Amino acid sequence: MSGSQPKTEPQGEVSLRVLAMPADTNPSGHIFGGWVLGQMDIAGGIHAAGQSGGRTVTVAVDAMQFHKPVHVGDEVTCYTRIMRIGRTSIAVMVETWVRRSRLGPPIHVTEGLFTYVAVDTDGNPQEILTKTF
């Protein structure tokens with residue numbers, strides 16, 4: 001990701017779309033990075049759970065990069081794609097794009113690689129049987 005050309009269109013499938021609200025801002029008036037990270041984790045978790053056919057938990061966030069700020073009123077969309085499926089884990093690339101004030105072309109604001117582990121009802125890792133993507 002580092003040193004790459006700016007992306008011009010999202011890669012993956014839409015997993016989450018939400019509106020950035022005033023309650024999610026830092027003292028500078030931008031949306032908190034932690035709020036964005038949380039939305040990305042939700043989006044990646046939705047994709048991972050759908051792929052695994054059951055519950056998943058987040059175990060790692062790698063290679064997180066913030067390219068541009070998110071503003072109040074931005075339409076925030078998280079796109080996800082599977083990067084790797086292991087025996088019990090799934091790595092999901094999550095890209096976040098915004099449309100300023102819900103208008104105009106999408107702008108790439110952040111991306112990160114999230115790793116999830118499939119778990120049973122007791123929270124123990126379980127094998128992923130569905131390995132298609």
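Among 101, 15, 52, the largest mean-square fluctuation in a Gaussian network model of the chain (Cα springs under 10 Å) belongs to 101.
Two numbers describe the Cα atoms of the chain: Rg and Dmax, which are 15.3, 46 Å. In whole Å, how far is the Cα centre of the stretch 6-25 from that of the stretch 36-108? About 8 Å separates the Cα centre of the stretch 6-25 from the one of the stretch 36-108.
Build a GNM of the chain with springs between Cα atoms under 10 Å: which of 16, 103, 37 gets the top mean-square fluctuation? Taking springs between Cα atoms under 10 Å, the residue moving most is 103. For the stretch 13-118, a simple Cβ point-charge model (Lys and Arg +1, Asp and Glu -1, everything else neutral) yields a dipole of about 180 debye relative to the Cα centre.
Here the Gaussian network model covers the chain, with springs between Cα atoms less than 10 Å apart; of 25, 110, 96, 25 fluctuates the most.
Against the chain, whose longest principal axis is taken from its Cα atoms, helix 33-52 shows a tilt of about 30°. Based on the Kirkwood radius over alpha-carbon pairs, what is the Stokes-Einstein translational diffusion coefficient of the stretch 92-133 at 20 °C with 1.002 mPa s viscosity, in µm²/s? For these conditions, the coefficient is 160 µm²/s. Given R₀ = 22 Å, FRET efficiency for residue 130-residue 11 by Cβ-Cβ distance, to 0.05? Once the sixth-power term is evaluated, E becomes 0.55. Across the chain, C-alpha contacts under 8 Å between residues 6 or more apart give a mean separation that, scaled by the residue count, equals a relative contact order of 29 percent.
Quick note: the coordinates plus some simple rules give every number you see, no bench work behind them. On a predicted model such as this, the values are computed, not experimentally measured, just so you know. Neighbour counts are summed over all protein chains in view; Cβ atoms, including those assigned to glycine, are modelled from backbone coordinates with ideal geometry.
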